[in-house]
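The values are calculated or read from the model by the stated rules, or taken from the named source; none is laboratory data. Keep in mind that this is a model prediction, so the values were computed, not measured. Using ideal geometry, Cβ is built from the backbone for each residue, glycine included, and neighbour counts are taken over all protein chains shown.
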Amino acid sequence: MPKIVGLTGDEAVAHAVKQCDVDVIAAYPITPQTIIVETLGDFIANGELNAEMVHVESEHSALSVVTAAALTGARVFTATCSQGLALMFEILYITSGVRAPVVMAIANRALSAPINIHADHSDSMAARDSGWIQLYAENVQEVYDLIFMAYKIAENKEVLLPTMVCLDGFTLTHTLERVEMLDDDVALKYLPKKPTYAHPISIEEPATYGSLALPDYYFEFKIQQEFAMNRAKEVIPKAMEEFTKVSGREYYVYNAYATDDADVIVISLGSTSGTMRSVAKELRKKGIKVGTVALRVYRPFPAKELKEVLSGAKVIVTMDRTLSFGALGGPLFEDLRSLFYDEDRRPLIADVVYGLGGRDLTPSDAKAIFEYGLEIAKTGHIPELVKFVGVRE
Amino acid sequence: MSKLLGWKEMPIGTLILKPGSTEEVKTGDWRTFKPVIDHNKCTRCTLCYYYCPDGSIMLKTENGKVVKVDVDYYHCKGCGICAKICPVKAISMVEEVR
Amino acid sequence: MSISLPKPEYLAPGHAACQGCGATLAIRQALMALRPDEAAIVVVATGCLEVVTTIYPRTSWRIPFVHLAFENAAAGASGIEAALRVLERKGLLKEKKKIHVIAIGGDGGTFDIGLQALSGALERGHKFVYICYDNEAYMNTGIQRSGATPYRAWTTTTPVGSKIPGKPQFKKNLAGIAAAHEIPYVATASPGYHVDLINKMRRALNAPGPALLHILAPCPTGWRYDPSLTVEIARLAVQTRFFPLYEIIYGRKYVVTMPVPKPRPITDYLKLQGRYAHMLRPEMKKDVERLEKVVNEFYEWLMKMSEVTKDLPLPSWYHV
């Protein structure tokens, strides 16, 4: 009988990590990720988790420690967000470059300045080019589940790319929700077998890791990473399908609601997807044809799957919880516009930037966004490419 | 000139799997002067072996004793440290003529 | 410690180090302290050593070598050390030999950008050896000054100009910083004294916790001297008391392993190096005197510390 408990997002991460039989953890505290490390500390101190927690002196060292540890074939974990993720920035590319299957929880938090500890996606979005797989959770159950899938995907020998599991700061990290846990043996059976790395550090067969590549070779290594990202596009749905089988919970690269005949589909990442779906349900009761797509996998961008689910709509409203200064719109907006550029059936695509620095998106805000989409569907005209929701002039 | 590898044949993750593969590189080409050991003067003290930055002094041993000291001319860069520190001045730096 | 020759060459020749490179010499000597029943994994910071030995597709290393970034050699070593411990606990470690984790950084990757990671690793007490090969500047990027560059040395960012004659600050005291963490073993070494260096590396490997070896690595390219003089300069640094050879045990006991009762004048050391050429000018006499004074003060302080702590016992692992 699977256990049903109340857990906050941070606690859920820690419990999942524990069940994944992680070997080395290194993390530096940063609000709102702190409960993850504290809970893991409890597990280790009580002997519930047989792992080494390296109490590093910065996030930069945290990722360095787990990347190096991963090279020995150990299963590793770290967590951070915001300034911590920004501090790790150079190592993000290195972890991906050496193909270390690190799993990192990102407790999505706004980037300074000004300093702000609340939820937005500017931190993980800034890392979208780094060669990490990015998964976004909508609720605490998904947070818990995605950790297992993250290890399954990252450690897949055809992928071997580090993976981020993103959960909104405070909204998910500190909110208690119902979580159905996997049994320990079910979890271990689902996970890949160790060693986690392709060529674990071996005294018998000594190798050099992290070499220098001149212009005659660098490019090829990057192509290898891109190839792995493409392989991940197939590995991820399979890993999710397998998880569906062992958990009974349906997982796919997105969670779609009422998209088949929707005129307006709103696509979003993270906890806001829940709000959008619940408002969409209300509107549907009134016969208004709206739908939502809660995107779970952001990198690699699931182009094929999104084309299928979105192309029937008249209007797509992308919701970006980050501001890409000076760009034509947010990251999700630009990705989707790119996706449909060559298509015959091209929905109108408009962007909404919302929720920066933890600004709440209320159900009435959500309703207004659907109405905005419906207005565009009626007029066939997008008044402004990017609409800021909830900003005072 | 060896053929450059393509991304499909290269091991992933910047890994170099062949240990000590730089020994293929003929750094001996760098020299203008080469060390020449006078084996009559040489006392097999092995100091040159300890002080060569490139590990290019080869020791021949018999029954655990060093019986001959030779230079690995394939790799020796001709820095001249060995000639400078030899306590019996058994090594001279001779201009390399090719 | 019995010596059987030749020792295994963990660093193969054919690497791209300059002729007469003090860094590769220092590391080659240090690795000779490993016993046949021991294995090592090196984690090396970005810098001369890493760059010259691992240009894809070839590597000089005959032991596992990891390079991540410039400032995290100590963090990388911490990660591997922790992983090996856990893997062993879980019965997943196949290797039977004792595995030593050795972090190696240049003065740049240790004194400056790498100091944070080093301090963290020392504080956490990982069982590893940190070797700093000190060529007294950011050599790999073109001889720019570092915290280890000595007083009045020429570098490309502290050049000898009409207004300022070389670096105005003195060399950072790395051994002191490491010793402040009260780790089992801190030592300075010079590749001009290979027996002293190898013994110290042996002690570092024996130490039941973090150990730091600060090795002077003369650089013909950056210090401007004929490559054949590397060992002579490495010896003169010690003989002039410029780079004293000592050990600090548990941050408390000081041992000067090579006392220099009658030092050579500092100018003997300076005059061999182009980066100090300006020090021989008459207008620099005061700076030379200042340098010599500081060098002798530090040496005398070391001797006093050694005397004051002479009754503290040496730990069992100290004996090679």
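The residues in the stretch A:18-36 that are away from every other protein chain (no Cβ under 14 Å), surrounded by 24 or more Cβ atoms within 10 Å (Cβ to Cβ) and out of contact with any Cys (no Cβ under 8 Å at 6 or more places or on another chain) can be counted, and the count is 1. Of the residues making up the stretch C:127-139, those that are assigned to a loop (DSSP other than H, G, I, E, B), over 24 Å from residue C:38 (Cα atoms) and out of contact with any Leu (no Cβ under 9 Å at 6 or more places or on another chain) are C:137, C:139.
Within the stretch C:111-126, is there a residue that is farther than 23 Å from residue C:185 by Cβ, more than 17 Å from the chain's Cα centre (by Cα), at the interface with another protein chain (Cβ under 7 Å from one of its Cβ atoms) and not in a loop (DSSP other than H, G, I, E, B)? The answer is no, given that none of the residues of the stretch C:111-126 is farther than 23 Å from residue C:185 by Cβ, more than 17 Å from the chain's Cα centre (by Cα), at the interface with another protein chain (Cβ under 7 Å from one of its Cβ atoms) and not in a loop (DSSP other than H, G, I, E, B). Here residue C:50 fulfils each of the conditions (1) surrounded by fewer than 24 Cβ atoms within 10 Å (Cβ to Cβ); (2) of a type in the set (D, E, K, R); (3) within 12 Å of chain A (Cβ to nearest Cβ) apart from (1).
Of all the residues in the stretch C:297-320, those that are small (Gly, Ala, Ser) and out of contact with any strand residue (DSSP E or B) (no Cβ under 9 Å at 6 or more places or on another chain) number 1.
Based on what the data block shows, is residue C:272 in a helix (DSSP H, G or I), surrounded by 14 or more Cβ atoms within 10 Å (Cβ to Cβ), out of contact with any Lys or Arg (no Cβ under 6 Å at 6 or more places or on another chain) and not β-branched (Val, Ile, Thr)? Criteria not met by residue C:272.
Hey, can you tell me all the residues within the stretch A:363-385 that are free of Cβ contacts under 8 Å to residues at least 12 places away in the same chain and either within 16 Å of residue A:280 (Cα to Cα) or in the same structural domain as residue A:170 (by TED's automatic domain parsing) (or both)? Answer for the stretch A:363-385, where residues must be free of Cβ contacts under 8 Å to residues at least 12 places away in the same chain and either within 16 Å of residue A:280 (Cα to Cα) or in the same structural domain as residue A:170 (by TED's automatic domain parsing) (or both): A:364, A:371, A:375.
Taken over the stretch A:329-359, residues that are over 26 Å from residue A:232 (Cα atoms) and at pLDDT 95 or above amount to 14.
Checked against (1) more than 14 Å from chain B (Cβ to nearest Cβ); (2) touching a residue at least 40 places away in the same chain (Cβ under 8 Å); (3) crowded, with 22+ Cβ neighbours inside 10 Å, residue C:172 meets all criteria but (3).
Residue C:228: touching a residue at least 40 places away in the same chain (Cβ under 8 Å) and touching a Gly at 6+ places or on another chain (Cβ under 6 Å), yes or no? Taking the combined requirement at face value, the residue satisfies it.
Only residues that are touching a Leu at 6+ places or on another chain (Cβ under 6 Å), at the interface with another protein chain (Cβ under 7 Å from one of its Cβ atoms) and farther than 21 Å from residue C:14 by Cβ were counted across the stretch C:56-98, and they come to 2. Of the strands (runs of 3 or more DSSP E) lying entirely inside the stretch C:208-263, the ones with 2 or more residues being modelled with pLDDT of 95 or more and closer than 18 Å to residue C:194 by Cβ are found at C:211-216, C:246-249.
Restricting B:86, B:45, B:76 to residues that are under 23 Å from residue C:49 (Cβ atoms) and not basic (Lys, Arg) narrows the list to B:76. Within the stretch A:183-208, if we keep just the residues that are touching a residue at least 24 places away in the same chain (Cβ under 8 Å) and within 11 Å of chain C (Cβ to nearest Cβ), the residue that is nearest to residue C:12 (Cα to Cα) turns out to be A:201. In the stretch C:9-97, counting only helices (runs of 4 or more DSSP H) that sit wholly within it, the ones holding 1 or more residues that are in contact (Cβ under 8 Å) with a residue 60 or more places away in the chain span C:22-31, C:48-53. One residue alone among C:177, C:131 is β-branched (Val, Ile, Thr) and more than 13 Å from the chain's Cα centre (by Cα), and that residue is C:177. Exactly one residue among A:340, A:388 is farther than 24 Å from residue A:286 by Cβ and in contact with a Lys or Arg (Cβ under 9 Å, 6 or more places away or on another chain), and that residue is A:340.
Scanning the stretch C:108-145 for residues that are in contact with a Phe, Trp or Tyr (Cβ under 6 Å, 6 or more places away or on another chain) and among the hydrophobic types (A, V, I, L, M, F, W, C) returns a single hit, C:113.
I want to confirm something. Restricting to the stretch B:73-98 and keeping residues that are more than 7 Å from chain C (Cβ to nearest Cβ) and either closer than 12 Å to residue C:5 by Cβ or among the charged types (D, E, K, R) (or both), which single residue is surrounded by the most Cβ atoms within 10 Å (Cβ to Cβ)? Per the stated criteria, the residue is B:96. The residue that is surrounded by the fewest Cβ atoms within 10 Å (Cβ to Cβ), counting only those in the stretch A:45-69 that are closer than 18 Å to residue A:16 by Cβ and not acidic (Asp, Glu), is A:46. If you go through the stretch B:49-86 and pick out every residue that is hydroxyl-bearing (Ser, Thr, Tyr) and either modelled with pLDDT under 95 or not in a helix (DSSP H, G or I) (or both), you end up with 4. Apart from one condition, residue B:46 fits all of (1) facing another protein chain (nearest Cβ under 7 Å); (2) crowded, with 21+ Cβ neighbours inside 10 Å; the exception is (2).
For residue A:72, are the conditions met, namely being of a type in the set (Ser, Thr, Tyr) and either more than 11 Å from chain C (Cβ to nearest Cβ) or more than 20 Å from residue C:75 (Cβ to Cβ) (or both)? Against the criterion (of a type in the set (Ser, Thr, Tyr) and either more than 11 Å from chain C (Cβ to nearest Cβ) or more than 20 Å from residue C:75 (Cβ to Cβ) (or both)), residue A:72 does not qualify. Residue C:194: surrounded by fewer than 24 Cβ atoms within 10 Å (Cβ to Cβ) and within 17 Å of the chain's Cα centre (by Cα), yes or no? So residue C:194 passes the test. Given the condition touching a Leu at 6+ places or on another chain (Cβ under 7 Å) and within 14 Å of chain C (Cβ to nearest Cβ), answer yes or no: does some residue in the stretch A:134-148 qualify? Looking for residues that are touching a Leu at 6+ places or on another chain (Cβ under 7 Å) and within 14 Å of chain C (Cβ to nearest Cβ), one finds none in the stretch A:134-148, hence no. Here's a check for you: in the stretch A:223-241, which residue that is within 20 Å of residue A:189 (Cα to Cα) and surrounded by 15 or more Cβ atoms within 10 Å (Cβ to Cβ) is farthest from the other protein chains (Cβ to nearest Cβ)? It comes out as A:240.
Looking at the structure I just gave you, is residue A:153 buried (at least 24 other Cβ atoms within 10 Å of the Cβ), in a helix (DSSP H, G or I), in contact with a Ser or Thr (Cβ under 8 Å, 6 or more places away or on another chain) and modelled with pLDDT of 95 or more? So residue A:153 passes the test.
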